[in-house]
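See below for the structure under consideration.
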Amino acid sequence: MSSSTTPEQSSPPFKLILHCEDGSPPYLTPILLAKNFPTTNRVVRDHLVLGIEVRNSFVSPVYGPRPSDRKNGRKKEKDEKSPPASRQGSNISNNDSAMSSVACSITKPTGYTFSGRPLFKHLGIPNDYDVMACPSFDLIDNCVADMPVAATNAETSLSTPRGYQRITPELYRDVVRKMEAPSFVGLYDQASSVKNTKRARRSVERTKSWLATTVSDSVTDKEEEVEGEKTDPCPKMWAPVVGEEDMALRLECIHHAINQKAPLRGFALIGIHHVVDRQARNTLLQSCTKDIPKNMSCAVLVANDMVQILDAARNGVRYIGSALPTNLARYHKALVLDLYGWKRYHENDEGERQRVNMCRRIEERSTLSDGCISLDD
């Protein structure tokens, strides 16, 4: 018997994690998604993953007494200062005595929190699409006015349409469980400044602690399952890998997750796109993918451009997240790739001159069609 492997076994398929803003595919309703990009299409089925952020898609209001009221043991009685609703209703019309007044009260939320709901019912995403849920694609990118990421050992804060909201590992685990997502990235912390090594160290320690908590909760969930009930054989959780540009911290995250001996879907590299130097970024990717077990996948949650996407794929990353299709559509641009010489691309003055010269040679050979624009404009 031959020991050779098939191409599919030796080279796993590349998958694009398409960033869904507010839980919706870019410029597509669920009906248009199913019509134009059905899962019966092999390319969609094998290469598309919908990325959903908990921070902007699963925020719910909280009603009841405010925390300050509960703490002080008092309740505000605003109704005493205003006339009863029945008395107001009786003065609406003297000619319509048969109409009975109805007391109508409007309750405002006292705060907001995160609550999980099934993807199909809440966002309209059909069950046959591959979905990856995460707290945020990147905490630093979501910070308002360059505010640092706020976190403690017990919780972190996510930027939401309702302001910053706190979330604990237990709450996050409950949310993703109720989402019924095929996979999810564990809760993580992230240092806003590369130069702050102490903050980066704390973010790694918190991420490791929260991963251990999530793994423990997953084991408890399995023990509580009804005996004989079939469980999903495919692991759902991606272990987050943080550490900014510090290779030792990122490898520490990877080894800690491996030592948990938990069934993981793979490893998600957080914040790789913040590494400006291309050579340093590639070295970091190579070191991380080398230490990840061969039977597990590696994901990059954010890639800003085609250079970062191609570099990640070249270094063994199979799941690559990006909002590039959305950004191109938002500014009415089409992507025309000339991949010749992309390996020699450098983010410096010499590389820029090479790129400009190549674009000039292309313009000399061809002209743009009506309605098209150059991305260099």
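Derivation of every value follows stated rules applied to the coordinates shown; laboratory data play no part. In this text the structure is predicted, and so the values were computed from the model without any measurement. When we count neighbours, we look across all protein chains shown, and the Cβ atoms used for this are built from the backbone with ideal geometry, even at glycine.
Can you give the FRET efficiency for GLN260 and THR152, using 1/(1 + (r/R0)^6), R0 = 22 Å, r = Cβ-Cβ distance, to the nearest 0.05?
Details: r = 22 Å, r/R0 = 1.02.
Computed FRET efficiency for GLN260 and THR152: 0.50.
What does the charge add up to near ASP291, with Lys and Arg as +1, Asp and Glu as -1, over the other residues with Cβ less than 14 Å from its Cβ? Display every interim value, and only then the final one.
On the way: positive: ARG250, LYS290, LYS294; negative: GLU252.
Taking every other residue near ASP291 into account, the sum is +2.
Among the chymotrypsin sites (Phe, Trp or Tyr not before Pro) in the range 8-63, which ones are in a DSSP loop with at most 12 other Cβ atoms within 10 Å of the Cβ? Mind listing them? Let's see the in-between values first.
Details: sites: PHE14, TYR27, PHE58, TYR63; in loops: PHE14, TYR27, PHE58, TYR63.
Hits after loop and neighbour filter: TYR27, TYR63.
So who's got an amide H within less than 5 Å of the one on ASP189, skipping anything under 5 residues away but keeping other chains? H placed 1.01 Å off N, in plane.
Sorted by chain and number, the residues that satisfy this are THR207.
Rounded, prolate or oblate: which fits the range 138-215 when a ≥ b ≥ c are the square roots of the eigenvalues of the alpha-carbon gyration tensor, with rounded for a/c under 1.5 and prolate only if a/b beats b/c?
Details: a/c = 2.13, a/b = 1.32, b/c = 1.62.
Oblate is the answer for the range 138-215, as a/c is 1.5 or above yet b/c matches or exceeds a/b.
Once you place label points 7 Å from the Cα toward the Cβ at PHE14 and ASN304, how far apart are they in nm?
Placing both labels 7 Å along Cα→Cβ, they lie 2.0 nm apart.
Amide H to amide H under 5 Å from PHE14: which residues, 5+ apart in sequence or cross-chain, H placed 1.01 Å off N in plane?
none
Measuring from label point to label point, each 7 Å out along Cα→Cβ, what is the LYS195 to LYS294 span in nm?
It works out to 4.4 nm between the two label points.
Taking all pairs of distinct Cα atoms, average 1/r, flip it, and tell me the Kirkwood hydrodynamic radius of the range 104-176 in Å to one decimal place. The partial results should precede the final answer.
Details: mean 1/r = 0.0689 Å⁻¹.
Taking the inverse mean of 1/r over all distinct Cα pairs, the range 104-176 comes out at 14.5 Å.
Would you mind getting me the FRET efficiency between HIS122 and LEU335? Use the beta-carbon distance for r and R0 = 22 Å, nearest 0.05.
It comes to 0.10.
List the trypsin sites (Lys or Arg not before Pro) within the range 251-303 that fall in a DSSP loop (any state other than H, G, I, E or B) and whose Cβ has at most 11 other Cβ atoms within 10 Å. Mind dumping the intermediate values first?
On the way: sites: LYS261, ARG265, ARG278, ARG281, LYS290, LYS294; in loops: LYS261, ARG265, LYS294.
Answer in residue order: LYS261, LYS294.
With a sphere of radius 15 Å drawn around the Cβ of THR39, what net charge do the other residues whose Cβ falls strictly inside it have (Lys, Arg +1; Asp, Glu -1)?
+1
Which order do peptides 237-247, 15-25, 46-56 fall in by mean Cβ count within 10 Å, highest first?
Ranking the peptides 237-247, 15-25, 46-56 by packing returns 237-247, 46-56, 15-25.
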